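Here is the structure we will look at.
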Amino acid sequence: MFHFIEGNRSIDHEDRIEKSIRTSGLLVQPILVNQNMEGIEGQNRYQACKNLGLPIYYVIQDGIGLDEVKSLNSASKNWQTRDYIHSFAAGDKKVDYIYVEQLFKQFPWATQRVINFAIHDFVGGIKGSTIKSGDMKCDEVEYNRAVTVLEYAGQFRKWIDGIGGRKEFYLIAVMFCYLCEEIDNDYLLKKFEKYHKSLSPIS
């Protein structure tokens with residue numbers, strides 16, 4: 001009888017809730033749904049109870065849709081940047097957000113800062129307010145360029161992982177080099193493989 005609103009946060013931690021219920025018999029709070037039985041809040045609780053064959057307790061609030069979901073969760077610490085990206089990509093079908101979400105799926109190792117640099121060529125992250133307002137930009141050209149840059153940077157991960165420090169900055173440095181026409185990227189890759197142990201951790 002329950003449904004999900006397309007564009008709401010992804011279900012990603014129902015396993016932790018299941019474990020909590022099994023070990024402590026935690027009394028699960030009711031989920032919040034609208035008049036169409038679409039889940040507004042508590043999707044992970046719902047899925048955990050469903051997986052365990054437990055009753056689903058719920059409260060109905062009429063007139064709530066995706067816009068109200070975003071507003072309702074905007075002050076919640078659990079509503080993260082990627083939740084907003086997913087919401088605009090899946091719910092509002094915003095092409096720019098669809099491209100960015102696809103990048104996160106293709107390159108799960110990449111941090112938000114790394115993805116941002118691959119798209120926009122600068123280190124500073126996109127403002128949270130820009131992402132939340134639906135104004136983030138990533139067109140097809142930027143997406144395709146970002147894929148190429150991230151595929152190149154990904155080749156360095158096996159060496160960067162062993163260095164220590166803020167690994168995302170090593171990746172950004174590699175991407176910066178890749179975008180410089182004066183640099184032979186194949187040569188850089190060979191030299192990095194040979195001398196990566198000489199690099200020191202950075203903060």
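Every read-out reported here was derived from the displayed coordinates using simple, explicitly stated rules and does not represent laboratory data. This structure is a prediction, so every number in the text was calculated from the model and none was measured. Methodologically, a virtual Cβ is constructed for each residue, glycine included, from the backbone with ideal geometry; neighbour enumeration extends over all protein chains shown.
Data overview
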{"read-out": "Computed label-point distance, nm, for sites residue 186 and residue 80 using a 7 Å Cα→Cβ extension", "value": "3.9"}
{"read-out": "For residue 40, distant residues with modelled amide H under 5 Å away", "value": "32, 33, 34"}
{"read-out": "Ranked by how many other beta carbons lie within 10 Å on average, peptides 149-157, 85-93 from highest", "value": "85-93, 149-157"}
{"read-out": "Potential lengthening between residue 199 and residue 106 on full extension [0.36 nm per residue; Cα-Cα distance subtracted]", "value": "30.7 nm"}
{"read-out": "Globularity ratio of the stretch 104-203, using Cα Rg and 2.2 N^0.38 Å", "value": "1.12"}
{"read-out": "Other-chain or far-sequence residues with amide H under 5 Å of residue 64's (modelled H)", "value": "35"}
{"read-out": "Environment charge of residue 162, counting only residues whose C-beta is closer than 13 Å and scoring Lys/Arg +1, Asp/Glu -1", "value": "+2"}
{"read-out": "HN-Hα J in Hz across the stretch 115-122 - Karplus 6.51, -1.76, 1.60, θ = phi - 60°, x for Gly and Pro", "value": "4, 4, 5, 4, 7, 10, 6, 9"}
{"read-out": "FRET efficiency, 1/(1 + (r/R0)^6) with R0 45 Å, evaluated for residue 139 and residue 37 via beta carbons", "value": "0.75"}
{"read-out": "Over 31 Å between alpha carbons, listed pairs 19/105; 50/167; 167/190; 105/190; 94/158; 137/191", "value": "50/167; 94/158; 137/191"}
